[in-house]
Amino acid sequence: MGMGKDEEARVDRARGRVFGEVAELYEASRPGYADAPAARVLEYAEPGERPALEVGAGTGKATVAFAEAGTSLVCVEPDPRMAEVLRRNTAAFPRVRVEAAGFEEWRRDGRRFGLLYAATSWHWLDPGRRRDLVREALDPGGALALFWNPHGVRDERLHGAPAEVDARHGITGTPHGVLASSYGRAAGDWAGAPGWPAAELRADGGFTDLREVRFREDRHYGTDRYLASLSRYRVLAPDHRERVLADTAGVLDAHGGGIAMEHFSDLLLARTAR
């Protein structure tokens with residue numbers, strides 16, 4: 001019997017925190033975000049001197065681009081190990097405040113924000129509460145920015161080989177992404193990833209001025225860096241995980257010691273209704 005939606009959401013939220021077990025490795029291996037999405041968000045939001053709120057900030061992969069632009073930030077991160085690395089990475093920015101808490105449990109203490117953004121973390125939040133929590137945190141007419149870094153494998157010969165390893169080890173899903181050529185042209189047109197939230201926000205009725213934007217770039221990952229980026233493997237039992245990693249590393253090493261990916265920064269912008 002398959003899992004219900006509530007159980008799937010709980011599993012997803014648990015998997016969203018497994019990177020805390022290897023926060024330093026995550027920081028060294030996980031790709032950051034390009035400057036262009038942050039610039040587009042700030043152009044849209046026009047926060048001025050109003051502070052911005054980042055939800056699920058991790059180690060600061062998206063935070064630094066906003067901090068470098070001079071934005072005053074409150075960063076909420078549920079895993080204290082990730083939050084510690086985040087504090088170190090933002091130590092040079094006195095206008096960044098890190099608060100270790102899950103968004104659902106975080107104490108707002110009456111604060112309101114001109115911008116709330118979530119970089120590859122919206123799908124970890126409680127789907128029954130996240131929109132209400134956003135409205136509570138934002139000023140009327142405040143901006144919401146949600147973005148992801150979906151990716152596709154450029155080499156068609158290599159695309160299927162890691163999936164074959166997963167199948168031999170009983171792992172389902174698409175942890176290695178899809179072929180880059182299979183992506184559409186629009187933001188949110190990607191497979192095997194959490195649902196694009198445009199329909200959710202439109203159906204809610206409390207958000208206006210929705211805009212969808214896509215940025216793209218090519219990247220290459222060495223074997224170790226690529227394997228460290230896969231959260232699906234972190235939830236496996238240690239012995240099982242090591243066998244899968246070793247077999248996948250063998251495949252990548254046999255194809256030149258890494259994998260070429262095409263990265264998309266897909267951005268959804270909206271405002272709370274006044």
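The values are calculated or read from the model by the stated rules, or taken from the named source; none is laboratory data. Just so you know, these numbers come straight off a predicted model, no measurement behind them. Note that each Cβ is placed from the backbone with ideal geometry, even for glycine, and that neighbours are counted across all protein chains shown. For accessibility, only protein heavy atoms count, side chains too; no ligands or nucleic acids. Shrake-Rupley method; radii C 1.70, N 1.55, O 1.52, S 1.80 Å.
Within region 199-216, can one find any residue that is surrounded by 13 or more Cβ atoms within 10 Å (Cβ to Cβ), at pLDDT below 90 and basic (Lys, Arg)? Yes, the conditions are met somewhere in region 199-216. In the set Arg50, Arg130, Arg107, only one residue is exposed (fewer than 14 other Cβ atoms within 10 Å of the Cβ), of a type in the set (Lys, Arg), more than 30 Å from Tyr221 (Cβ to Cβ) and touching an Asp or Glu at 6+ places or on another chain (Cβ under 9 Å); that residue is Arg107. Residues that are open to solvent by less than 20 Å² (accessible area, probe 1.4 Å), under 24 Å from Gly160 (Cα atoms) and aromatic (Phe, Trp, Tyr) occur in region 264-273; there is at least one. If you go through region 53-104 and keep only what is open to solvent by 40 Å² or more (accessible area, probe 1.4 Å), in contact with an Asp or Glu (Cβ under 9 Å, 6 or more places away or on another chain) and of a type in the set (Asp, Glu), you end up with just Glu68.
Are there any pairs, at least 6 apart or on different chains, whose C-beta atoms fall under 7 Å, with the first in region 147-163 and within 30 Å of Leu210 (Cα to Cα) and in contact (Cβ under 8 Å) with a residue 40 or more places away in the chain and the second open to solvent by 10 Å² or more (accessible area, probe 1.4 Å) and of a type in the set (Asp, Glu), and if so, which? Matching pairs, first to second residue: His151/Glu262; Gly152/Glu262.
With respect to Asp189, is the statement that it is open to solvent by 20 Å² or more (accessible area, probe 1.4 Å) and in a loop (DSSP other than H, G, I, E, B) true? Criteria met by Asp189. Based on what the data block shows, is Ser181 within 30 Å of Phe113 (Cβ to Cβ), of a type in the set (S, T, N, Q) and at pLDDT below 95? So Ser181 fails the test.
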